[in-house]
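Engineer: Here's a structure for you.
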Amino acid sequence: MGKGTMRLRDGDCPAHNPPRRGRSPLALIALVVAAAGVSAQQARPETAAATSGDPVKGREHFIAYQCAYCHGTEGQGGQPAVGPRIARVSRSADSFIAYVRKPSGRMSAYSEASIPDVVLRDVYAYLRSLPQAKPATEIPLLDQLRKPGGR
C-alpha cells in the first residue's frame, strides 16, 4: 500500500456518517469519558513488548489513517461529540486496540485487516508521547471565559 492510500472500509470515519437522531452531544461525551474511566480501572500491567511502538511512525499512521480528521492532529479532540481527545488517555495499549476494534459511541469499528495491531501500537506510542494538556486556568483565554461575565 503506497503512502496516502487508504484501506479503511469497516466503518469509515464517523464524521462521514450522518448524525444519529435522539442522542445529545453531552450524552456521547459522557459515554466516551465513562469508557475511558472504566478501561483505566481495568488496565493491567503490560510487558514492554506488548506496549512497544514507534511514536514517529505512529504520527505518520495517525495522519495516513485519517484519525486526525476526527481527533485533531495532536489527538487533542475535534468537533464536539465527534472526535474526543485521545492523547494521554489513561488506557493501556491492549485496551486502546480493543476499543478501536469494538468502540462505543459514534466511532466506527476497525478490524485488524483495516488497521493492523502493529500500526495501532505505533499510534498508541505517538499518543502517549504527546505532552499533557494544560489546565484551563493556565490558558489565559480559557481562564477568562470560565469567570462570570468573562467575555
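The values are calculated or read from the model by the stated rules, or taken from the named source; none is laboratory data. Everything numeric here is computed off the predicted structure, so don't read it as measured data. All Cβ positions, glycine included, derive from the backbone under ideal geometry; neighbour counts span all protein chains shown.
Engineer: Can you tell me which residues in the stretch 132-151 are loosely packed, with under 12 Cβ neighbours inside 10 Å and touching a residue at least 40 places away in the same chain (Cβ under 8 Å)?
Structural biologist: Q132
Engineer: I would also like to ask the following. Kindly indicate the residue of the stretch 112-131 that is of a type in the set (D, E) and touching a residue at least 12 places away in the same chain (Cβ under 8 Å) and also farthest from A68 (Cα to Cα) among those meeting that condition. Let's see the steps before the verdict.
Structural biologist: So the first thing to find is which residues in the stretch 112-131 are of a type in the set (D, E), and the list is 112, 117, 122.
Next, from what is left, pick out any that are touching a residue at least 12 places away in the same chain (Cβ under 8 Å): 117, 122.
Values: D117: 18, D122: 15 Å.
Within the stretch 112-131, the match that is farthest from A68 (Cα to Cα) is D117.
Engineer: Let me ask another. Could you list, in sequence order, all residues of the stretch 64-111 that are of a type in the set (K, R) and in contact (Cβ under 8 Å) with a residue 40 or more places away in the chain? Show your work before the answer.
Structural biologist: We begin by selecting, within the stretch 64-111, every residue of a type in the set (K, R); these are 85, 88, 91, 101-102, 106.
Answer for the stretch 64-111, where residues must be of a type in the set (K, R) and in contact (Cβ under 8 Å) with a residue 40 or more places away in the chain: R85, R88, R91, R106.
Engineer: Name the single residue that is modelled with the highest pLDDT among those in the stretch 130-151 being under 16 Å from R85 (Cβ atoms) and part of a helix (DSSP H, G or I).
Structural biologist: L142
Engineer: So, one more: Step by step: first the residues of the stretch 116-129, then only those that are of a type in the set (A, V, I, L, M) and surrounded by 15 or more Cβ atoms within 10 Å (Cβ to Cβ), then the one that is modelled with the lowest pLDDT. Which residue is that? Working first, answer last.
Structural biologist: If we filter the stretch 116-129 for residues that are of a type in the set (A, V, I, L, M), which is where we start, we get 118-120, 123, 125, 127.
Pick out the ones that are also surrounded by 15 or more Cβ atoms within 10 Å (Cβ to Cβ) and you get 119-120, 123, 125, 127.
Values: V119: 97, L120: 96, V123: 95, A125: 95, L127: 92.
Checking each candidate, the answer is L127.
Engineer: Select from the stretch 70-109 the residues that are part of a loop (DSSP other than H, G, I, E, B) and β-branched (V, I, T) and list them in ascending order.
Structural biologist: Pass one, the stretch 70-109, residues part of a loop (DSSP other than H, G, I, E, B): 72-92, 102-109.
Across the stretch 70-109, the qualifying residues are T73, V82, I86, V89.
Engineer: On the basis of being more than 15 Å from G58 (Cα to Cα) and assigned to a helix (DSSP H, G or I), does L127 make the cut?
Structural biologist: no
Engineer: Now a separate question. Has the stretch 17-25 got at least one residue that is in a helix (DSSP H, G or I), under 28 Å from P135 (Cβ atoms) and at pLDDT below 50?
Structural biologist: Yes, because at least one residue in the stretch 17-25 is in a helix (DSSP H, G or I), under 28 Å from P135 (Cβ atoms) and at pLDDT below 50.
Engineer: Turning to a different aspect of this structure: (1) over 11 Å from the mean Cα position of the chain (by Cα); (2) closer than 23 Å to S52 by Cβ; (3) of a type in the set (D, E): which one isn't true of E74, the others all being true?
Structural biologist: (1)
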